[in-house]
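**Student:** Dropping the structure in here first, questions after.
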Amino acid sequence: MTVLNPYKILLNGDYSTLIVVLSAATFFRSMCSIIGYNGKNSAAPLIVDSLKRMEYRGYDSVGVATFDSGNILVRKGIGKVAEVNKNLNLGQMSGNIGIGHTRWATHGGVTDKNAHPHSACKKDIAVVHNGIIENYKELKEELMSAGHTFVSETDSEVIAHILEIHYNKGIKEAMIETCKRLRGNYAFVAVFQDGAIGGARYEEPLVVGVTNDGYFVSSDVLGFLEYTDKAIFLENGDICVVDNSKLEIFDSQGRPIAHPITQVAWELGDIDKGKYAHHTLKEINEQQLTVIHAGRQDEAVMNKFCDVLVNAKDIYITGSGTSHHSALIFKHMLARFGKIRAETVVSSESKYALASMDSNSVLIAISQSGETADVLDSVRLARDQGAKILSIVNVTTSSLARTSDACLSTNCGPEIGVAATKSFTSQLALIYNITDRICKNCLATEKAEFVIAVENVISNSASSIRAAAQIKDASDVYLLGRSLHYPIALEGALKMKELAYVHAEGIAAGELKHGPLALMEKNTVVIILNPHDATFNDTISNAHEIKARGATVIGISDRKEDIYDYWIEIPHLKEEAYYPIVEVIPLQILAYQMALAKNVDPDYPRNLAKSVTVR
Ligand code: F6R
């Protein structure tokens, strides 16, 4: 097998971001990584490598199953890949065929038994699954009354038992019959006792990696990019079987499907941390380049995007989490510089808000991964009403990119750190480019200055690091900003929650007097986004009101003020609209440093993983 140099590879894929939403009881939203290999090489070492690369998708337990000499061997346990591999020697399991999984708990706690792969009663099948089987309770009851014994509390185990029932009809039929019974969203890969693997997807990503001597079936191209840049992206409802080194893809009726092989085409530096302690730190540092890369767009697509946008009767902009904060900035930029009115809708709310679209409407969907379920739901809703879909996406092979009328890429390479950093500033840089195009170069003259300013804030991180040391034990942090700085206050608060586990709240500075002022007291920490622009005077008054109540004030500004207990300096910009892209970086550094000070791994925050492909 050829091992591609990860430093030189062209790649694409799903580098999406997951927020695990905790709801009542033990029902977690999930995102796991799954991988299967069937080829001429020893499967287990390849699978363990893949799991390490995809660990950002979920990391509470790990397991591998291989097929060797008519037997299926399963080893699994709780912990991260390196740890479980060390304890159980996963990489030394024999056989050229196998599957692997990193789990993010959904149904059932984090235990060895609940770790994947799951087998059925006869141990002739093992399955790894990502997603949620909504009807698992009724399936489980049905299977148990038919004599099946369950060993885990997971929803996923039902897949193995249903496959087992139909296995005597052949693998293809077993896969089809099993998919027919499942409701919810899933991608699963199964290894069968006669040495084949089968995969299926519905509303969860699954991609086949094609090498000269075998196939991978993976949730993410990262699972195989070290070995091949040839990928087949399976569509919803597709099923595949790799048997005797032959790949077959078919639909739910068994009809063959031919998908093109895509040469993954996303040029990236590297997916290793390199000299950095964490992916998050690396990605923060990469921003001096990625904000430039965001400007490299295909002329024709950019023209189409802008044409559709300016000719729309009504415009909605949607996204989740960080990408929603970009949407807020986009709305502001369009209104201010393009004189275009748009509405923003946080994607998880779209089913209540996107009700009056038609063929003259446009939905602009913003997403790093292009796989976020809430975002895809918004798109479906808009599409059903006849609206056009424009998107801003980092992963250009994602479902969102593929379904859009015009898709612009943020071009920032894979983002592995769970918290969005470089993808956010790339989204902003691209949004500024689009706005500039629409307002006929009203922003272009000062374009170079924000790039230099980004470089400057990254290399002068000392004041953010000092401030982090001072506020690391704060239990509540408030971030204040007006106008374009308000979405940055929201984004800064999100980074602090995710990375530093601190309660943080972004507040529109003018709202202080309408309530939050009651919270200001001696132990409160308030970060003020306060560049010397049109918002400065009003925001500095807020700083005085806060200080008078004894709170600690951290000012992020190009101008030093005595009122600040700590001043994080940012460069002065002639075009004040560019401040958001610059001022968010100290907040990313602050949150990262607070995580370190609290001994928290910033790449793998608790309860979170990369990509929210479930609702
Ligand atoms: C925040 C974060 C999440 C994502 C959100 C949307 O740091 O990572 O809030 O921004 O889950 O993800 P995408 O942009 O992939 O749709």
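The values are calculated or read from the model by the stated rules, or taken from the named source; none is laboratory data. Bear in mind that the values here come from a model prediction, so they are computed numbers and not experimental data. FYI the Cβ positions are ideal-geometry reconstructions off the backbone, even for glycines, and counts take in every protein chain you see. Remember, those area values only see protein heavy atoms, side chains included, never the ligands or the DNA or RNA. Shrake-Rupley method; radii C 1.70, N 1.55, O 1.52, S 1.80 Å.
**Student:** Kindly state, as a whole number, the per residue volume in cubic angstrom of the convex hull around the alpha carbon atoms of region 303-457.
**Tutor:** Looking at region 303-457, the number lands at 103 Å³ per residue.
**Student:** Give the distance, in whole Å, between the Cα centre of region 424-450 and the Cα centre of region 548-601.
**Tutor:** For region 424-450 versus region 548-601, the Cα centre distance is 23 Å.
**Student:** Using a 7 Å offset from the Cα along the Cα-to-Cβ direction at both Asp565 and Val110, what is the distance between the two label points in nm, to one decimal?
**Tutor:** 3.3
**Student:** Put +1 on the Cβ of every Lys and Arg and -1 on every Asp and Glu Cβ in the chain; which of Asn244, Val217, His324 then has its Cα farthest towards the positive end of the dipole?
**Tutor:** Going by the Cα projections, it comes out as Asn244.
**Student:** Continuing with this model, one more query. I need the Kirkwood Rh of the chain: take the reciprocal of the average 1/r across all distinct C-alpha pairs and report it in angstrom.
**Tutor:** Hydrodynamic radius (Kirkwood, Cα only) of the chain equals 25.0 Å.
**Student:** Next question. Round to the nearest 10 and give me the degree value, 0 to 90, for the angle of helix 171-181's Cα axis relative to the longest principal axis of the chain.
**Tutor:** 50
**Student:** Could you pull out every residue, at least 5 positions away or on a different chain, whose amide H is within less than 5 Å of the one on Ile568? Hs are placed 1.01 Å off N in the peptide plane, and Pro or chain starts have none.
**Tutor:** Gly555, Ile556, Ser557
**Student:** Can you find, among Ser361, Tyr136, Ile528, the residue sitting farthest towards the positive end of the charge dipole of the chain, where Lys and Arg contribute +1 and Asp and Glu -1 at Cβ?
**Tutor:** Checked the options; the winner is Tyr136.
**Student:** May I ask you to evaluate 6.51 cos²θ - 1.76 cosθ + 1.60, the Karplus curve with θ = phi - 60°, for each residue of region 452-469 and list the ³J(HN,Hα) values in order in whole Hz, giving x for glycine and proline?
**Tutor:** 5, 5, 4, 4, 4, 5, 5, 7, 10, 8, 4, 5, 5, 5, 5, 4, 4, 4
**Student:** Over the residues of region 430-504, compute the C-alpha Rg and express it relative to 2.2 N^0.38 Å.
**Tutor:** Ratio of Rg to 2.2 N^0.38 Å for region 430-504: 1.41.
**Student:** Output the relative contact order of the chain, whole-number percent, from Cα pairs under 8 angstrom with separation of 6+ residues.
**Tutor:** 15
**Student:** Add -39500 (n - 2.57) for each DSSP H run of 4 or more in the chain, then divide by its residues: what number comes out at 222 nm, to the nearest 500 deg cm²/dmol?
**Tutor:** -10000 deg cm²/dmol
**Student:** With the contact rule set at Cα under 8 Å and sequence spacing of 6 or more, what percent relative contact order holds for region 461-603?
**Tutor:** Averaging sequence separation for qualifying contacts and normalising by length gives 30 percent for region 461-603.
**Student:** Can you pull out the cysteines in the chain that have no other Cys Cβ under 4.7 Å?
**Tutor:** Unpaired cysteines in the chain: Cys32, Cys121, Cys179, Cys240, Cys306, Cys407, Cys412.
**Student:** Would you mind giving the average projected area, over all directions, of the Cα convex hull of region 461-603 in nm² with one decimal?
**Tutor:** 7.4
**Student:** Give the carbon-plus-sulfur fraction of the accessible surface of the chain in %, rounded to a whole number; probe 1.4 Å, heavy atoms of protein chains only.
**Tutor:** Reported share for carbon and sulfur atoms: 49 percent.
**Student:** For region 312-352, what are Rg and Dmax over the alpha carbons, in angstrom?
**Tutor:** Calculated on Cα positions, Rg and Dmax stand at 10.2, 30 Å.
**Student:** Once phi is turned into ³J(HN,Hα) by the Karplus curve 6.51 cos²θ - 1.76 cosθ + 1.60 with θ = phi - 60°, what whole-Hz value does each residue of region 495-510 show in order, with x for glycine and proline?
**Tutor:** Values per residue, Gly and Pro as x: 4, 5, 4, 5, 8, 10, 6, 10, 5, 9, 9, x, 10, 5, 3, x Hz.
**Student:** Still on this model: Under 5 Å between amide hydrogens, which residues at least 5 positions from Asp68 or on another chain qualify, with H placed 1.01 Å from N in the peptide plane?
**Tutor:** Result for Asp68 returns Leu73.
**Student:** Still on this model: In Å², and per residue, what accessible area does region 361-415 have when probed at 1.4 Å with the other protein chains present?
**Tutor:** 21
**Student:** Follow-up question, since we're still on this one. Using a simple spin-label model with points 7 Å from Cα along the Cα→Cβ vector, what separation in nm is obtained for Glu177 and Asp307?
**Tutor:** So the label points at Glu177 and Asp307 sit 5.3 nm apart.
**Student:** Reported to two decimal places, what Rg/Rh ratio describes region 370-444 when computed on Cα atoms with Rh from the Kirkwood expression?
**Tutor:** 1.01
**Student:** With the contact rule set at Cα under 8 Å and sequence spacing of 6 or more, what percent relative contact order holds for region 92-209?
**Tutor:** 28
**Student:** Same structure again: His503's amide H: which non-local residues (gap 5+, or another chain) put their own amide H closer than 5 Å, with H modeled 1.01 Å from N in plane and none for Pro or chain starts?
**Tutor:** Val477
**Student:** Cβ neighbours within 10 Å, averaged per peptide: list 35-46, 578-589 in order, most packed at the top.
**Tutor:** The packing order, highest mean first, is 578-589, 35-46.
**Student:** Here's something else I'd like to know. Distance cut-off 29 Å, Cα to Cα: go down the list Lys52/Lys388; Lys80/Lys351; Lys172/Lys351; Lys122/Lys246 and report the pairs above it.
**Tutor:** Lys52/Lys388; Lys80/Lys351; Lys172/Lys351
**Student:** Another question, if that's okay. Excluding residues on the same chain fewer than 8 positions from Lys574, give the aspartates and glutamates whose Cα lies under 12 Å from its Cα.
**Tutor:** Glu446, Glu449, Asp533, Asp558
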